[in-house]
Every structure is written in C-alpha cells, then in structure tokens.
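One structure is given here, and the rest of the page talks about it.
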Amino acid sequence: SYMLSAIVTEKTGISMFDYLKPRLFDPLGINEVFWEKCPQGITKGGWGMFLKPEDAAKLGQLYLNKGKWNGSQVIPESWVDASTKKQIDNGKFGYGYQVWVEDRPGGFAFNGMLGQDVVVYPDTDMILMINAGNREMTQSGNLTELMRSYWGDGFEADDTLPENPEAQLSLKNTIADLEGRGRFVSPIERGGWK
C-alpha cells in the first residue's frame, strides 16, 4: 500500500492524500482527515489515516452503494466489485485490493490498527463502524471475532427484535440529551402504555 501511494505520487506529482481529496474526501463531505506522510512526503497509504467514525462509515456506505454517493459515481462499480473479492489467500477469508474479505459471503472490511474497522455486509444492507482501543492489528483479533459471532456468517437479516416502545423512547431521549435538546414525553406520562 505504501508503494502504491509512492507510485501515485511519482505519476501525478502530488501526494496520495492530495490526489484523493477532490476525488473522494470532498465528494463525501469528509473535511477533517489527516493522513501521515513519511519523511519523503509520501502518504503512508496503508496506515496512518485519522478521521471521525462517521466519516469512516461514509467510506463503508460508498462501497455498499457500489461506489455511488448522492447519485454520483465517485469510484467505478467494477473497482468496488474487484477490490472486495478475494484476490489473494491470507490463510483466513482472503484479501482484495486493500480490503479484507469477511467470513459472511459478500462481506468485506476496511481494517484499521488497534480496532478501528468498517465492516460491510451487503446482503443485509449493514455497515458496522467499530471504534475501539485494543492491541489488535489485523482482522483476526478478539474484538473482530466477537463482532463476527453476532453479525457474521450465521446472522440472518430477519432476526429482528420485537418492538419495544419504552426502549425506543429511552434511546430518543439519550440522543436528545447528547444533542442538547429537550426530552420527549412518554405515553405513560400522558396516560398510555398500560
């Protein structure tokens, strides 16, 4: 990945970060991103990118949408398809083009150091953004295995939870509190939910 970044810099005369900014980061509205460079000014390529969890999830959504964002084809669909398929055997599920293949058929992951992952399961239209702090460096650590135990190959999309209005209200109130908005009044307080 570092060598690919160096090739982009050699061919374009600009860093990988500067190359991707107008082509990827700007179209997705990713404005706060930092990507480490080596002493020669080459973007590290395969590591050293810092961005907010919601922006990392945007990259997963872009790939889930086959390269489209807000109706525009940001990256070619053919690239998304090829990059998320097994191109090389890694002794686990496989590795695409800078993307790890997951155990769930069609699933793939952008794996960051120390538990920063974006996992995409297209068959369930699901993205998992994991923002952790641990010692895991690859796709085979304890946190990743725990995630797979719930949403991996055995997860069925129709495994829906029963409706729980009280829990839904609690979640809405937690979100409102975090956003600094007022609380919602429950139907119990209005005489409902008996």
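The values are calculated or read from the model by the stated rules, or taken from the named source; none is laboratory data. Quick caveat: nothing in here was measured; it's all calculated off a predicted structure. Positions of Cβ are generated from backbone atoms using ideal geometry, with glycine treated the same way; all protein chains shown enter the neighbour counts. Quick note on the areas: whole protein, heavy atoms, side chains included, nothing else; ligands and nucleic acids left out. Shrake-Rupley method; radii C 1.70, N 1.55, O 1.52, S 1.80 Å.
Part of a loop (DSSP other than H, G, I, E, B) and under 14 Å from the mean Cα position of the chain (by Cα), is that true of Gln98? Taking the combined requirement at face value, the residue satisfies it.
Among the residues of region 22-43, those that are in contact with a helix residue (DSSP H, G or I) (Cβ under 6 Å, 6 or more places away or on another chain) and in a loop (DSSP other than H, G, I, E, B) comprise Leu28, Ile30, Ile42. In region 44-66, the residues that are at positive phi form Cβ pairs under 7 Å with partners that are open to solvent by less than 50 Å² (accessible area, probe 1.4 Å) and at pLDDT 90 or above, at six or more places apart or across chains, as follows: Gly45/Ser5; Gly45/Met16; Gly48/Trp35; Lys66/Val80. Within region 65-95, the set of residues being in a helix (DSSP H, G or I) and among the β-branched types (Val, Ile, Thr) comprises just one member, Val80. As for region 117-129, it holds no residue that is within 22 Å of Tyr63 (Cβ to Cβ), at pLDDT 70 or above, part of a loop (DSSP other than H, G, I, E, B) and open to solvent by less than 90 Å² (accessible area, probe 1.4 Å).
With respect to being within 25 Å of Met3 (Cα to Cα), out of contact with any His (no Cβ under 6 Å at 6 or more places or on another chain), open to solvent by less than 30 Å² (accessible area, probe 1.4 Å) and of a type in the set (Phe, Trp, Tyr), Trp47 falls outside the description.
Within region 101-116, the set of residues being within 23 Å of Gly48 (Cβ to Cβ), small (Gly, Ala, Ser) and outside any strand (DSSP E or B) comprises just one member, Gly115. Among residues of region 12-32 that are of a type in the set (D, E, K, R), those with a Cβ under 7 angstrom from a residue that is surrounded by fewer than 16 Cβ atoms within 10 Å (Cβ to Cβ), sequence gap 6+ or separate chain, pair up as Glu32/Lys52. For Phe108, all conditions in the list (1) among the aromatic types (Phe, Trp, Tyr); (2) open to solvent by 10 Å² or more (accessible area, probe 1.4 Å); (3) under 13 Å from Gly60 (Cβ atoms) hold save one; what is the number of the exception? Evaluating Phe108 over (1) among the aromatic types (Phe, Trp, Tyr); (2) open to solvent by 10 Å² or more (accessible area, probe 1.4 Å); (3) under 13 Å from Gly60 (Cβ atoms) leaves (2) as the failure.
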